[in-house]
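Colleague: The structure under discussion is supplied below as structure tokens; questions concerning it will follow.
The values are calculated or read from the model by the stated rules, or taken from the named source; none is laboratory data. For clarity, every value in this text was computed on a predicted model and none was experimentally measured. Neighbour counts are summed over all protein chains in view; Cβ atoms, including those assigned to glycine, are modelled from backbone coordinates with ideal geometry. Note: areas computed on protein heavy atoms with side chains; ligands, DNA, RNA excluded. Shrake-Rupley method; radii C 1.70, N 1.55, O 1.52, S 1.80 Å.
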Amino acid sequence: MAASQRLTHVLVTLALLTLCVLMVLYPAETWHAGVRGLSIWWDVLFPSLFPFLVLSELLLGFGIVHFLGTLLNPLMRPLFRVPGSGGFVFAVSCASGYPTGAKLTAQLWEQKLVTREEGERLVAFTTSSDPIFMIGAVSVGFFHNVAIAPVLVASHYAAAFLVGMLMRFHGGTAKGSHPDSSSGSPSEGIPRNRLVRAIYAMHEARKADGRAFGELLRQAVSSSLRLIIIVGGLVVFFSVMMELLVQTGWLGGLYGITEQLLRHSGLPPSLSPSLVGGLFEVTLGNKEAGSAGASIPLVYKVAAAAFVLSWGGLSVHAQIMSVLSNTPMRYGPFLFARAIHALIAPVLVLLLWTPMMGRSSSPVLMEPGFIPSLSTYTPDWGLIFLSGMIVFVSLIVLLLFLAILSSILKPRRHAKK
């Protein structure tokens with residue numbers, strides 16, 4: 001074990017030294033790649049992540065997450081084997097994108113609201129892209145075709161839902177799991193009515209937290225800034241690393257292997273740059289998919305983009321690993337879930353293409369000019385935040401409705417037995 005660790009350290013050191021040498025040999029390309037990564041962070045990631053990170057910490061401190069967790073438990077437990085608070089994590093993650101789901105899951109673990117295996121299940125399906133990136137950056141910015149947005153968004157989130165259903169089989173039975181205020185029968189002295197129990201759980205969580213609003217806000221902003229800076233640094237680092245690999249031609253072998261796999265699968269081999277680029281960085285992979293040859297059918301290019309968005313790129317994987325480093329949650333289940341998500345999403349694109357798009361690239365569910373402001377994509381902080389809030393509120397309302405419906409139907413099923 002010690003020998004393998006020493007070998008790993010030596011290899012990592014050699015890789016970093018090689019990267020330093022390449023940065024000296026390609027200074028202009030390194031600078032441009034760094035600026036490009038910084039631009040992505042400032043224009044897209046900062047406005048889509050930071051407000052929701054601060055807001056989620058405030059909601060957690062005030063007990064709103066415990067309130068929603070109690071109400072959503074009848075839905076989240078049977079479907080995904082996670083506490084009801086996982087519904088809040090899923091909604092925020094869909095609204096703001098990765099790595100918000102991992103950050104909130106780590107906070108739930110710190111408050112003993114999830115066990116290690118529950119947290120691993122939760123991170124597995126709450127790591128997703130945000131809708132404004134898929135609509136604005138990918139559909140409009142890279143593909144210059146807002147019509148593909150419904151297929152791309154639907155396949156991405158439907159695949160995330162299916163991953164959650166599959167990951168419910170991860171781990172054994174929940175022996176010794178942390179008690180969730182929303183699970184099981186109400187304890188003595190706690191009202192049986194679920195809404196009253198939710199209010200009670202929120203009150204108890206607020207008392208347990210005990211921080212004044214000013215202190216809570218300060219700590220929320222401070223911890224969110226630390227995470228967003230880490231995210232930005234990783235985006236810039238992987239942007240530079242990917243550019244250097246492209247400049248040196250070291251990706252040629254990987255391109256060749258990918259082309260052979262695509263050819264044997266009956267898919268266009270020229271999609272190889274998109275898939276290989278997407279293995280490392282989401283933005284680069286989607287950009288390559290959008291600029292692929294005009295001879296490639298649009299459906300295959302969109303499927304490649306769905307693969308890249310669902311895999312997330314090594315940059316996102318590094319972000320998740322950094323967030324989970326202070327918890328016992330393992331990287332292996334997350335890696336498995338990303339691979340499954342990346343396989344399911346392109347298949348869903350192929351299945352949904354004809355029902356949603358027809359037999360051509362003319363949209364069925366979205367006509368050209370349906371969103372005039374998206375005729376060209378220019379990152380706008382207000383638009384990004386507003387769209388995220390709409391998605392968050394809509395998902396919370398939908399999940400609450402489904403949870404209420406599940407609570408109503410559950411006694412009837414028991415009554416029939």
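Colleague: Any idea which of (1) open to solvent by 30 Å² or more (accessible area, probe 1.4 Å); (2) over 16 Å from the mean Cα position of the chain (by Cα) is the one L279 doesn't satisfy?
Modeller: Condition (2) is where L279 drops out.
Colleague: Anything in region 93-125 that is closer than 16 Å to F52 by Cβ, of a type in the set (G, A, S) and surrounded by 24 or more Cβ atoms within 10 Å (Cβ to Cβ)? List them, or say none. Outline the logic, then answer.
Modeller: Kept after step one, since they are closer than 16 Å to F52 by Cβ, are these residues of region 93-125: 93-108.
Restricting the remaining residues to those that are of a type in the set (G, A, S) gives 93, 95-97, 101-102, 106.
Matches in region 93-125: S93, A95, S96, G97, G101, A102.
Colleague: Still on this structure: Which of (1) out of contact with any Ser or Thr (no Cβ under 7 Å at 6 or more places or on another chain); (2) open to solvent by 60 Å² or more (accessible area, probe 1.4 Å) does L227 not meet, given it meets every other one?
Modeller: (2)
Colleague: Taking the conditions exactly as written (among the hydrophobic types (A, V, I, L, M, F, W, C), open to solvent by less than 60 Å² (accessible area, probe 1.4 Å) and at pLDDT 80 or above), does A212 satisfy them or not? Give the steps one after another, and end with the answer.
Modeller: Values: among the hydrophobic types (A, V, I, L, M, F, W, C): yes; open to solvent by less than 60 Å² (accessible area, probe 1.4 Å): no; at pLDDT 80 or above: yes.
For A212, the condition - among the hydrophobic types (A, V, I, L, M, F, W, C), open to solvent by less than 60 Å² (accessible area, probe 1.4 Å) and at pLDDT 80 or above - is not met.
Colleague: Inside region 391-417, can you point out the residues that are modelled with pLDDT under 85, part of a helix (DSSP H, G or I) and surrounded by fewer than 15 Cβ atoms within 10 Å (Cβ to Cβ)?
Modeller: Across region 391-417, the qualifying residues are S407, I408, L409, K410, P411, R412, R413, H414, A415, K416.
Colleague: Looking for whichever is under 23 Å from V308 (Cα atoms) and surrounded by fewer than 24 Cβ atoms within 10 Å (Cβ to Cβ) here; the options are F161, F90. Which one fits?
Modeller: Numbers: F90 fails: surrounded by fewer than 24 Cβ atoms within 10 Å (Cβ to Cβ).
Residue meeting the stated conditions: F161.
Colleague: Take S155 and decide whether it is open to solvent by less than 10 Å² (accessible area, probe 1.4 Å), in contact (Cβ under 8 Å) with a residue 24 or more places away in the chain and over 24 Å from I230 (Cβ atoms). Steps first, answer last, please.
Modeller: On the way: open to solvent by less than 10 Å² (accessible area, probe 1.4 Å): yes; in contact (Cβ under 8 Å) with a residue 24 or more places away in the chain: yes; over 24 Å from I230 (Cβ atoms): yes.
For S155, the condition - open to solvent by less than 10 Å² (accessible area, probe 1.4 Å), in contact (Cβ under 8 Å) with a residue 24 or more places away in the chain and over 24 Å from I230 (Cβ atoms) - is met.
Colleague: Which one is modelled with the lowest pLDDT among residues in region 353-367 that are part of a helix (DSSP H, G or I) and buried (at least 18 other Cβ atoms within 10 Å of the Cβ)?
Modeller: We begin by selecting, within region 353-367, every residue part of a helix (DSSP H, G or I); these are 353-357.
Still in the list and also buried (at least 18 other Cβ atoms within 10 Å of the Cβ): 353, 356-357.
On the way: W353: 92, M356: 85, M357: 81.
If we take residues in region 353-367 being part of a helix (DSSP H, G or I) and buried (at least 18 other Cβ atoms within 10 Å of the Cβ), then M357 is modelled with the lowest pLDDT.
Colleague: Continuing with the same structure: Here are some conditions: (1) open to solvent by less than 80 Å² (accessible area, probe 1.4 Å); (2) at pLDDT 90 or above; (3) in contact with a helix residue (DSSP H, G or I) (Cβ under 8 Å, 6 or more places away or on another chain). M321 meets all but one. Which one does it not meet?
Modeller: Condition not satisfied by M321: (1).
Colleague: Can you name the helices (runs of 4 or more DSSP H) wholly within region 1-92 that have at least 2 residues being farther than 29 Å from F280 by Cα?
Modeller: Ranges flagged: 46-61, 64-80.
Colleague: Would you tally the residues in region 8-42 being among the hydrophobic types (A, V, I, L, M, F, W, C), closer than 18 Å to I229 by Cα and open to solvent by less than 80 Å² (accessible area, probe 1.4 Å)? Break it down stepwise before answering.
Modeller: Quick first cut of region 8-42, residues among the hydrophobic types (A, V, I, L, M, F, W, C) only: 10-12, 14-17, 19-25, 28, 31, 33, 35, 38, 40-42.
If we keep only those that are closer than 18 Å to I229 by Cα too, we end up with 33, 35, 38, 40-42.
Still in the list and also open to solvent by less than 80 Å² (accessible area, probe 1.4 Å): 33, 35, 40-41.
So the count comes out to 4.
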